[in-house]
Amino acid sequence: REGRPILWVRNSKKNWRTLDVDLQRGLHIWMIEWGLHHMPEGHNQFVIVADTSNLTTRQIAQMSYHRMLINVFMSLYPDRVKYLLVGPCSMLLRKLYSLCLPLLPENVRDKIRLLPSNTHAELKNFMSECKIPDFFGGKGHHSFVPEDAKGKSKEKFAVKQMESYQIEALKAYGQ
């Protein structure tokens, strides 16, 4: 509602059998840096929405990936994340969160919102209907694969894009 950029993390779209945590780290940092570079005037925070629908117990238990995400978002960008909205949350996910809660710093805990099974209704408290994607029952359409990545490995494409963005940023800063 406040015009902040939104990073949609769709975990069920990942190939969990071949998941490369280091490649995913680079991908998420690239997405965040790209978003920060294109952030609207007057904004310095963004919202992360993690779509947990269709996650299996095995995927939830892949702790190296989840630790990496927490590290990236909360260690590298703690003041940039306004909210981390996670949902729809199963009972297992809620239980894991309650176990981890005491380990999280208070400023991090205050940013996390676990969303109910009716994720669409809750998201309307944070953004307009047109921003809520169709996969959450909203009116927005968010393409999972950029047009110029068709037929390529999505992660490798994104890392190449990240590298070119970093080169562009270094040139812009005269380095």
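Read-outs: derived from the displayed coordinates by stated rules, not from any lab. This is a predicted model, so every value here is computed, not measured. Note that we place each Cβ from the backbone using ideal geometry, even for glycine, and neighbour counts take in every protein chain shown.
Report, as a whole number in µm² per second, the diffusion coefficient that Stokes-Einstein gives for the stretch 6-80 at 25 °C and 0.890 mPa s using the Kirkwood radius over alpha carbon pairs.
Reported coefficient: 184 µm²/s.
What does the charge add up to near residue 108, with Lys and Arg as +1, Asp and Glu as -1, over the other residues with Cβ less than 13 Å from its Cβ? Intermediate values should be presented prior to the final figure.
Numbers: positive: 80, 82, 109, 111, 113; negative: 79, 106, 110.
With Lys, Arg at +1 and Asp, Glu at -1, the net is +2.
Report the rotationally averaged projected area of the stretch 85-127 based on its alpha-carbon convex hull, in square nanometres.
Taking a quarter of the hull surface, the average projection is 3.1 nm².
Limiting things to C-alpha atoms, what are the Rg and the maximum Cα-Cα separation (Dmax) for the stretch 1-132, in angstroms?
Gyration radius and largest Cα-Cα distance of the stretch 1-132: 14.5, 41 Å.
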